[in-house]
Amino acid sequence: AQSVTQLGSHVSVSEGALVLLRCNYSSSVPPYLFWYVQYPNQGLQLLLKYTSAATLVKGINGFEAEFKKSETSFHLTKPSAHMSDAAEYFCAVSGVDSNYQLIWGAGTKLIIKP
Amino acid sequence: DTGVSQNPRHKITKRGQNVTFRCDPISEHNRLYWYRQTLGQGPEFLTYFQNEAQLEKSRLLSDRFSAERPKGSFSTLEIQRTEQGDSAMYLCASVSGAHPEETQYFGPGTRLLVL
């Protein structure tokens, strides 16, 4: 069965520092991978997705993620954190194992220190 | 494009009462999902519609839960005989793009508290 693990329920970085949010998945076949962001009192919004094209995927707001099959990872990064990046970030996987339904991680709350 | 809307945004009810939530998807989207999200967790799949057809329901979904999408536009989720364990955020998403590479557009959710 497919599953997603997000390491760290909370990540705190200083404004201007590198953001790294970790996501590891399990899947018997190459999956589709997604990162969504949830701002307070708003719906989830797609940041980026991997669909078997380029392994380095660029998303909105300066975020990017790299699919590493050997490490079963899809970590999310941004070179320089901004106060407006404070939100909760969810990694999700879909594939044949889940009948192509999204399987979600538990989320990581990103805290930006001034 | 006004996005996905959900009503009400908040609902407080007593155990044993029935509640109904509504989701209005983006007008041109023919697929719609319902999820439940509890604190500290990601969304949990409940059910999925293509147009008016309910194509899949989670095996974890109690018989007290029912969803409809009568004309392939808005959808309703009803919970009968609510229990305290039903307290959660209920999310609706409408879908653009080809399955399974689709993008899901989420509404703001309905937060349910069962007393």
Fill in: Test for B:SER58: is it within 9 Å of chain A (Cβ to nearest Cβ), among the hydroxyl-bearing types (Ser, Thr, Tyr), surrounded by fewer than 19 Cβ atoms within 10 Å (Cβ to Cβ) and over 18 Å from A:GLN42 (Cβ atoms)
yes
Response to the item:
Scanning segment B:16-34 for residues that are under 23 Å from B:SER58 (Cα atoms) and either of a type in the set (Asp, Glu) or part of a loop (DSSP other than H, G, I, E, B) (or both) gives B:GLY16, B:GLN17, B:ASN18, B:ASP24, B:PRO25, B:HIS29, B:ASN30
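So, of the residues in segment A:58-100 that are in a loop (DSSP other than H, G, I, E, B) and open to solvent by 10 Å² or more (accessible area, probe 1.4 Å), which turns out to be nearest to the other protein chains (Cβ to nearest Cβ)? Spell out how you get there, then give the answer.
Step one: of segment A:58-100, the residues in a loop (DSSP other than H, G, I, E, B) are A:59, A:63, A:72, A:79-82, A:86, A:95, A:99-100.
Now narrow it down to the ones that are open to solvent by 10 Å² or more (accessible area, probe 1.4 Å): A:59, A:72, A:79-80, A:82, A:86, A:99-100.
Working: A:GLY59: 12, A:THR72: 18, A:PRO79: 25, A:SER80: 26, A:HIS82: 22, A:ALA86: 17, A:ASN99: 7, A:TYR100: 4 Å.
That would be A:TYR100.
With the condition kept exactly as written, say whether any residue in segment B:24-35 is within 11 Å of chain A (Cβ to nearest Cβ), open to solvent by less than 20 Å² (accessible area, probe 1.4 Å), closer than 25 Å to A:ASN41 by Cβ and touching a residue at least 24 places away in the same chain (Cβ under 8 Å). Step through it out loud before you land on a result.
The first filter runs over segment B:24-35 and keeps only residues within 11 Å of chain A (Cβ to nearest Cβ), leaving B:33, B:35.
Of the ones still in play, those that are also open to solvent by less than 20 Å² (accessible area, probe 1.4 Å) are B:33, B:35.
From the residues that got through so far, the ones that are closer than 25 Å to A:ASN41 by Cβ too are B:33, B:35.
Checking which are touching a residue at least 24 places away in the same chain (Cβ under 8 Å) leaves us with B:33, B:35.
The answer is yes, given that some residue of segment B:24-35 is within 11 Å of chain A (Cβ to nearest Cβ), open to solvent by less than 20 Å² (accessible area, probe 1.4 Å), closer than 25 Å to A:ASN41 by Cβ and touching a residue at least 24 places away in the same chain (Cβ under 8 Å).
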Practice prompt. Give A:LEU48, A:LEU18 a once-over and let me know the one that is at pLDDT 90 or above and more than 12 Å from chain B (Cβ to nearest Cβ).
Written response: A:LEU18
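Any idea which of A:TYR36, A:TYR25 is touching a Pro at 6+ places or on another chain (Cβ under 8 Å), under 30 Å from B:ARG59 (Cβ atoms) and outside any loop (DSSP other than H, G, I, E, B)?
Values: A:TYR36 fails: touching a Pro at 6+ places or on another chain (Cβ under 8 Å).
Residue meeting the stated conditions: A:TYR25.
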Discussion item. Could you check segment B:68-88 and list, in sequence order, the residues that are within 14 Å of the chain's Cα centre (by Cα), open to solvent by less than 30 Å² (accessible area, probe 1.4 Å) and either in contact (Cβ under 8 Å) with a residue 60 or more places away in the chain or within 21 Å of B:GLY42 (Cα to Cα) (or both)?
Written reply: B:LEU77, B:ILE79, B:ASP86, B:ALA88
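The values are calculated or read from the model by the stated rules, or taken from the named source; none is laboratory data. Owing to the predicted nature of the structure, the values given are computational and were not obtained by experimental measurement. Glycine also receives a Cβ, built like all others from the backbone with ideal geometry; neighbour counts cover every protein chain displayed. Note: areas computed on protein heavy atoms with side chains; ligands, DNA, RNA excluded. Shrake-Rupley method; radii C 1.70, N 1.55, O 1.52, S 1.80 Å.
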